Each structure stands twice: as structure tokens, then as C-alpha cells.
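To keep things clear, I will list the structure first and then write my remarks on it.
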Amino acid sequence: MANIPEHVLSDYERLKDELNQHNHSYYVLDDPSVPDSEYDRQMRQLQDIESQYPSLRTSDSPSQRVGGEALSAFTQVHHDVAMLSLDNAFSQAELEDFDRRVKDRLNYAALTQPPEIDYACEPKLDGVAVSLLYRDGLLERGATRGDGTVGEDITANVRTINSIPLKLVGDHIPSLLEVRGEIYLPRAGFESLNAKAIAAGEKAFVNPRNAAAGSLRQLDSKITASRPLEMCAYSVGQFVAETRPDSHLSMLQTLASWGFKINEHMQVVSGIAACEDYYQILAERRDGLAYDIDGIVYKVNDLRLQERLGFVAKAPRWAIARKFPAQEEMTQLLDVEFQVGRTGAVTPVARLEPVFVGGVTVSNATLHNGDEIQRLGICIGDTVIIRRAGDVIPQVAKLVLDRRPANARPIVFPERCPVCDSAVVRAEGEAVARCSGGLFCGAQIKQAIKHFSSRKAMDIDGLGDKLVDLLVDREVIFSVADLYDLKTEQLQGLERLAEKSAANLVAAIEASKATSLAKFFYSLGIREVGETTGQTLANNFGSLEAVIAADTEALLEVDDIGPIVAGHIVDFFRNPDNLSIIQALRDAGVSWPDIDQNAQASQPLKGQTWVLTGGMDIMSRAEAKDRLQELGAKVAGSVSAKTAQVVAGPGAGSKLTKAQSLDIPVMNEAEFIEFLNRV
Ligand code: IVH
């Protein structure tokens, strides 16, 4: 070893240690510490050193074994035919090298016209390898790969997987058959499993492969049974039968005939150039598949050629895996910024050291909310795993705790809005924190103005979304109150606004000043306060001042107002900036008729639920609804035993039939109008 440089020796020892640790985390703990891409990179470095200095290679080198150690909790199983791994290729050039090696080994150079090799192409499923032993057609044993020679007995668990036949069907069933394949969790199953785990306050799985591995390593097979795992066969190990198929393709077709699932994209092509075409096609289809794949496996199709080619220590000479660009990569969390959305939601955004993952360079990723930051347990300065699968937005999937630097800083969720400095509040039971400066906050202002001027709110005709954007962007207005100071001359200067329309808009703004208290509440854009709640507030409190003064308890006394809405209302009116904008609106002349508290007490339809169905010829449905609500009624969308009255116009259908069957009084539009005139 004297001629091996010192730095190579120390690199080699470090790589061996790190790879062994990764192996342990990955295979034994089901908790990968680094993304596959990082693992592959380190393995390549190790292999490079070993090929340059073969004397270094020892039996404990991670390059010499296929997997990790078997877990002791399951019975150990010896694989009579070793379960090997595959060599990887990361480019077409490396695939061409493979093809050359195959041809050299088969002595094709000696032929005057060497034929192309037929390759079976299959997606490389991203799951867990399994061995299934069938004796006389009955499933006897299921085992994991383990270290390739000794695996774990997971028979009870594999029996729960529906796509694994318990008994083979069809003809010429071999006396002994060992089927090998991949157990995996389709994406939809993964999503629903994680949704359930999160709802139950449990830890989510990082990716479908991890979830499949975790599901198989359950001592209680009932848990495995509840996981929507699938199994796809891709080769055979032990095989004792009268006849044997002569190609990989016919072997798989035979397995399919005995009841196994085989991959639907499997295809045999001639020559290595066609393998590249297959790769491109599958790379394009990858995002649309129902399951994760991490590359393509190419196998010499002719089984006699496979036999002639044989194996090296770790992998067959007749197969290779071409890997897709990684969907997980490691990078550093440089900072966390907090963005305020149009609805006031305050979202933490991770600023990352740019990293190439899933085919794009990622430098930002959403962290969703405070709970997500806690779940991940991340600090600024940490190394994190970024995952980008398909078109899905990049996610921070996991923290790599081993790499936490000494100067890592905790992430502090702001108490004040970074845009307007209003208090940030988080309603009970909600994951999202929001800025409470609804009318005042620069981030929410466009949304607030568009909502304020919409038809069912202050109904300002001619103030379209584009114009609102323009007025805010040009800093002509800063709040809803500024609308009432707009002058025709100011508007005329703006693009696309003729003199006439500018004047019309000013007139519409003026006309909007006369409104109702219910509409005014709705216009403020308080979270979850829609038209009906606006009306409820007006009916029950009678004045703006009374609602501003109401505390949560007072609001909760009102039917139809629950704790979440009550919380939003209190937060909104506690914000002094919102109050000063309301004052400015009143000063500008926005007003409504007072609701006479006595009249209100005698609201004739209070407590009643009405249903409007069918067409209306004379008044609009919106008008009818407004009138009913003013009279204290609740207007519902469906008929039930609690419905007091149905108004049915032409074309009324199932709601009318239901009302009749429940003996609920029905009136037509003319009768309704007459009724309104009477009350
Ligand atoms: S063939 C002797 N075919 O990839 C060859 N493997 O390192 C045995 N894999 O963990 C493997 N899809 O579980 C083969 N269509 C496929 C595969 C596949 C996924 C996995 C296999 C193993 C790894 C190879």
C-alpha cells in the first residue's frame, strides 16, 4: 500500500464508513439518510478508487455486497439462487459500453456480420425486491432480498397482497418455482396513506418506496393488509420444470399465464439504439404513470445468451439499469421568508442553495405552514432533501440531521405581517396563519378592492379587475376608502378609459355609497363572512357599532355563527387599521338605513327557512333572497322537514316534489310578491 497516496486512503475509508451508514439507514432502519443520487455518487467514487487500486478492496467494502443486513425480528431465509443487483448506467454512452461488453463476451467480433442483440426493456419499479417460492403451484414462502444471500421471511405479509397469487393457475405448473419481482405502492395509495397518517398525527412517509418497505416490515400482517401494495414479476430464481421458456419475454408471458402481474410497458427491441428510443418514450410518460419508476432495466432477451454471459460478483452481465435524473437531491436551507398571499395567508418559503432535481433547478420551495416546519424539524443552515416528482411543486421532504451545522438557527414564525405589520393570527383548528389587516395590507389590497366593489357587495359597476390592478399598481389608490376620492380627471389619464366611462365609473362609485348594513359587512371581506353571515350580523346586531363591540361570546350566541367565523370577525374588528379604513368609508358618505331594533325584534320570518326553486319572471332570485333575509328568513338550497315555505317558479323539479311529499306549503311568484307587499 506504500504507493497509494495518503489522501486516497483517507477518502476511501471515509467513503466506506459513510456508505455503510447509508446502507444501514436505508435497508435496516427504512429511513434513508441521504437521497439515492448522493448514495450513487459516493458508491461510484468508491468503485473508481477500487478499480484504480484493486489491492484496497476488502470484503467489508459496500461495493461487495448487494444490500444491507437482514433484520433479526423476522426469521432468516437463505436464497439458494442469490438475489443480485444491477449495474447502473447514467447515459446512452454507458449503455453503448454495456452493449459492447455483451458482444465482446459473446465473441461477436469474430463474426463477419454480427447481429444486433435483442433487449427486453422494462420500467425499473421503485419499490422493494421480493422472492416468492411456489411448490407444486402453492405459495410457500415470501422473502426479502436482505444481503442477497440471506433475507427475511415475510410470508404472512406477502400473502396479504392481492396481486400475488396464492395458488398458480394454468398449464405446466413447475414443481418448484421462485418468482422475483418488485413490491411497490402506487402513487394514489401513497397519497391516501400519508393523508391518513397526517390526520392521525403520525409521521408521513418520504416517498412511495419507503412506504412500501415500511409496510412490508410489519410484524403484524393486518397492518400490511391495510396498505394498497402491488407486486409485479420481473424474473425467476429457482425453477424446476419439464420445459423452460427460451427468452425473457416468453418467461414473463408464462408467469403472466400463471397469474402474475407483469409490467404493461415491457417491450423487446433490437439493438442498443432502440433502447435509447424506449428510454425517451418512458421518460416522457413517467409523470403520468400510476407508480414511481427510477429508470429502465435492459435485459438480454435470449435466455441461452444470458447463461453464456453469466454474472460478476454483484450483478448479471446480461442486464443493466439506466437511471433517470434523480427526483430527490440534497441541498442547504439558506433562509426562510414569509410571503403574504391575496387572502392574507402567511406562507413560509424555503430559500435553497440551487439544486438540480427532477429535471429543473430548484432554489425555492414552499414549507406550507408552521406545522410543516415543526414536522420537518428544520433550522436555517440545515441540509435538507428536496423532492420533485413529475410536475409536482418541489417539496422539502426531509431533514438530514447528521449534517446540521453548529450555527443552525431556529425558524421563527413572525407575529406581525411582513407587509403591513398587522398582527398575524392563527384561528383555532386552522393550520394557516393569516395577516389580520384585511383592508389595509398591501398584499391583500387588490383582492380586498375587487371583492368590495363586486356586484353582491358594494356593486360598483365598471370597476373591473384589470382596472383595480392598474389603480393599485400606479399607486392611485391604497385602500377601498380611496375609491371615494377618485376624480374623473384622474381616471381619464389611465389607459383604455374614455372620458365617458371615467365619468360613469365616478357616478357608480357615488351611487354605491347608499347600501345596506348586511351588504357592508359582506363587502369588508372578513374571512368566511359571506352574504348570509353579513345578513345574520345585520339582523342580530342592528348596527355596525354593535358588531365592532361584540366579543366572541356575544357572536356565538347568534345561531349560524360558529367559533371559527366568530374568531375571524373579532380579529378583523380588533385591527386598528381596518377600523380606520371603515371610518374613512363612513366619512366619505357610505351609509345604510338604520335597522329599527323594534322592527328587527318583530322580523316576521325570523327562525323560518325558505327555499326558492324554479325560474322567476318578475323579480330576480337574488332580489327575492335579499327580501327574505331582510325579513329574517334563512334561505336554504334544499328542502327538508324544517323548511317553512317553498317558492316555486316555472320548471321547478325535485325540490317541489319533495316539498309536496313533505306537505310543505308552496307558493308561486305572483303569490310571493303579494305576500311581500303584505308583510
Ligand atoms: S431485474 C438479476 N427488473 O432494481 C437482475 N430489477 O438493483 C435482478 N427492479 O432491487 C433485477 N424493477 O428490485 C429487475 N424490471 C426490473 C426491476 C428491477 C425494479 C429493482 C430490483 C432491484 C434493483 C436492481
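The values are calculated or read from the model by the stated rules, or taken from the named source; none is laboratory data. These numbers were taken from a predicted model, which means no experiment stands behind them. Here the Cβ positions follow ideal geometry from the backbone for every residue, glycine too, while neighbour counts run over all protein chains shown. These accessible areas exclude ligands, DNA and RNA; they are computed on the full protein's heavy atoms, side chains included. Shrake-Rupley method; radii C 1.70, N 1.55, O 1.52, S 1.80 Å.
Output ³J(HN,Hα) for region 523-532: one whole-Hz value per residue in order, computed from phi by the Karplus curve 6.51 cos²θ - 1.76 cosθ + 1.60 with θ = phi - 60°, and x for Gly and Pro.
Rounded to whole hertz, the list is 4, 5, x, 5, 4, 6, 9, x, 4, 5.
In vacuo Debye scattering of region 349-496, one point per C-alpha: log10 I(q)/I(0) at q = 0.22 Å⁻¹?
-1.27
Give me the dipole magnitude in Debye, nearest 20, for the chain about the Cα centre, with unit charges on the beta carbon: positive for Lys and Arg, negative for Asp and Glu. Before the final figure, lay out the partial values.
Values: 70 positive and 95 negative charges, 180 e Å.
The dipole magnitude comes to about 860 debye.
Counting only helical runs of four or more DSSP H residues, what would the 222 nm mean residue ellipticity of the chain come to if each run contributes -39,500 (n - 2.57) and the total is spread over all its residues?
-10000 deg cm²/dmol
From the phi of every residue in region 249-258, what ³J(HN,Hα) in whole Hz does the Karplus formula 6.51 cos²θ - 1.76 cosθ + 1.60 yield, where θ is phi - 60° and glycine or proline is x?
4, 6, 4, 5, 5, 5, 4, 4, 5, 8
Which whole-angstrom value gives the distance between the alpha carbon centres of region 162-221 and region 566-645?
Cα centroid of region 162-221 versus Cα centroid of region 566-645: 54 Å apart.
If you place +1 on the Cβ of every Lys and Arg, -1 on the Cβ of every Asp and Glu, and leave all else neutral, what size is the dipole of region 148-252 about its Cα centre, to the nearest 20 Debye?
Here the size comes out at about 400 debye.
Would you work out which of LEU544, LEU628, ALA652 lies farthest towards the positive end of the dipole of the chain, given +1 charges on the beta-carbon of Lys and Arg and -1 on that of Asp and Glu, about the Cα centre?
Value: ALA652.
Taking only the alpha carbons of the chain, what extent do you get along each of the three principal axes, in Å, biggest first?
102, 66, 52
Which of GLY146, ILE161, ALA211 sits closest to the plus end of the dipole of region 101-224, meaning its Cα is farthest towards the positive end, when Lys and Arg get +1 and Asp and Glu get -1 on the C-beta?
Comparing the listed Cα positions along the dipole, ALA211 ranks first.
Accessible area, 1.4 Å probe, largest first: how do VAL357, VAL81 sort?
Working: VAL357 0, VAL81 60 Å².
Sorted descending by solvent-accessible area, the residues read VAL81, VAL357.
Does region 137-287 classify as rounded, prolate or oblate by the C-alpha gyration tensor (a ≥ b ≥ c root eigenvalues; a/c under 1.5 gives rounded; else a/b over b/c gives prolate, otherwise oblate)? Don't jump to the answer; show the numbers that get you there.
Numbers: a/c = 2.25, a/b = 1.25, b/c = 1.80.
Oblate, because a/c is 1.5 or more while a/b does not exceed b/c.
Run the reach check for LYS16 against lysines, Cα to Cα strictly under 25 Å, same-chain hits fewer than 8 apart removed. What comes back?
Straight-distance partners of LYS16: LYS314, LYS323, LYS398.
Straight-line reach only, C-alpha to C-alpha below 25 angstrom: list the lysines that LYS655 could link to, leaving out same-chain residues fewer than 8 apart.
LYS606, LYS625, LYS634, LYS642
Do any cysteines of the chain lack a neighbour Cys whose Cβ is under 4.7 Å away, and which are they?
Cys with no partner Cβ under 4.7 Å: CYS121, CYS232, CYS275, CYS379.
What lysines does LYS500 reach when the alpha-carbon gap must be under 23 Å and sequence neighbours fewer than 8 apart in one chain are set aside?
LYS450, LYS466, LYS487, LYS513
At what distance in nm do the modelled label points of LYS261 and ALA644 sit from each other, each positioned 7 Å from its Cα along Cα→Cβ?
Inter-label distance under the simple model: 5.7 nm.
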